[in-house]
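What follows is a set of notes on a single structure, which appears directly below.
The values are calculated or read from the model by the stated rules, or taken from the named source; none is laboratory data. Not measured: the values here are computed from a predicted model. Don't worry about glycine lacking a Cβ; one is built from the backbone with ideal geometry, like all the others, and counts go over all protein chains shown.
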């Protein structure tokens, strides 16, 4: 979890939000049936970063687990996102925390949009062995160099640990990277982390599911998300 926390401080808010109201680790599996569809339909069409997110219903992906107290779909201002990222660093040693806080400030975050998805829309008891939960985050930054650096840092850090194994390649996005835990991991659940950037938008995802994780489906959603963003960070 330290690896995720450190990556989270530099370019990742989903982890901080997701841990705001529960212990880190097992994902929360909430049935989409508990949420009324009319409530979703009443919302105005999202714009900005939120408008770039893959819409619910695409390839069968429905609303997923709540992102902490924010529900499955939310957008944060640059100030709110910056505060959350710094909060995620609170458990680190002071020297390391201060260094990463400065890195967060250099990014000049303009906003963050987050959405969670569930691959199985018809659930019994809120969980099925084949369900995959995916959390997608788009982070807009004024500093485009910082976007590239955050994506590179996330990938390089996990790669340097010699613990995670390479995940699937993302066709059409050579700078995208995905990582999986060791095959001999005793955990019943499996997680895949992915990083990429398009223009001034940093794209990060976390996919959770029972072993064996449907990495193909999660990677397809990640690619769909990247394909929706064009330079300089606009939805197509």
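A few points about this structure:
- Tally of residues being outside any strand (DSSP E or B) and within 24 Å of residue 78 (Cβ to Cβ) across the stretch 180-206: 2
- Meets criteria (at pLDDT below 80, within 26 Å of residue 215 (Cβ to Cβ) and touching a strand residue (DSSP E or B) at 6+ places or on another chain (Cβ under 6 Å)) for residue 125: no
- Filter result for residue 212 (free of Cβ contacts under 8 Å to residues at least 24 places away in the same chain, loosely packed, with under 13 Cβ neighbours inside 10 Å and in contact with a helix residue (DSSP H, G or I) (Cβ under 9 Å, 6 or more places away or on another chain)): no
- Subset of the stretch 137-160 [in contact with a helix residue (DSSP H, G or I) (Cβ under 6 Å, 6 or more places away or on another chain), farther than 12 Å from residue 196 by Cβ and outside any helix (DSSP H, G or I)]: 140, 141, 143
- Within the stretch 97-116, tally of residues that are buried (at least 22 other Cβ atoms within 10 Å of the Cβ), at pLDDT 85 or above and over 17 Å from residue 225 (Cα atoms): 1
- Residue 82 being at pLDDT 85 or above, part of a helix (DSSP H, G or I) and crowded, with 18+ Cβ neighbours inside 10 Å: yes
- Criterion (modelled with pLDDT of 85 or more and farther than 24 Å from residue 102 by Cα) met by exactly one of 32, 65: 65
- Positions within the stretch 133-145 being over 23 Å from residue 207 (Cβ atoms) and surrounded by fewer than 23 Cβ atoms within 10 Å (Cβ to Cβ), in sequence order: 142, 143, 144, 145
- Of all residues in the stretch 148-163 being free of Cβ contacts under 8 Å to residues at least 60 places away in the same chain and buried (at least 17 other Cβ atoms within 10 Å of the Cβ), the one that is farthest from residue 208 (Cα to Cα): 149
- Sole exception among (1) in a helix (DSSP H, G or I); (2) exposed (fewer than 14 other Cβ atoms within 10 Å of the Cβ) for residue 130, by number: (1)
- The set of residues in the stretch 175-199 being modelled with pLDDT of 90 or more, closer than 26 Å to residue 108 by Cβ and surrounded by fewer than 24 Cβ atoms within 10 Å (Cβ to Cβ) consists of 177, 193.
- None of 51, 91, 71, 19 is surrounded by fewer than 22 Cβ atoms within 10 Å (Cβ to Cβ) and either in contact with a strand residue (DSSP E or B) (Cβ under 7 Å, 6 or more places away or on another chain) or modelled with pLDDT of 90 or more (or both) except 51.
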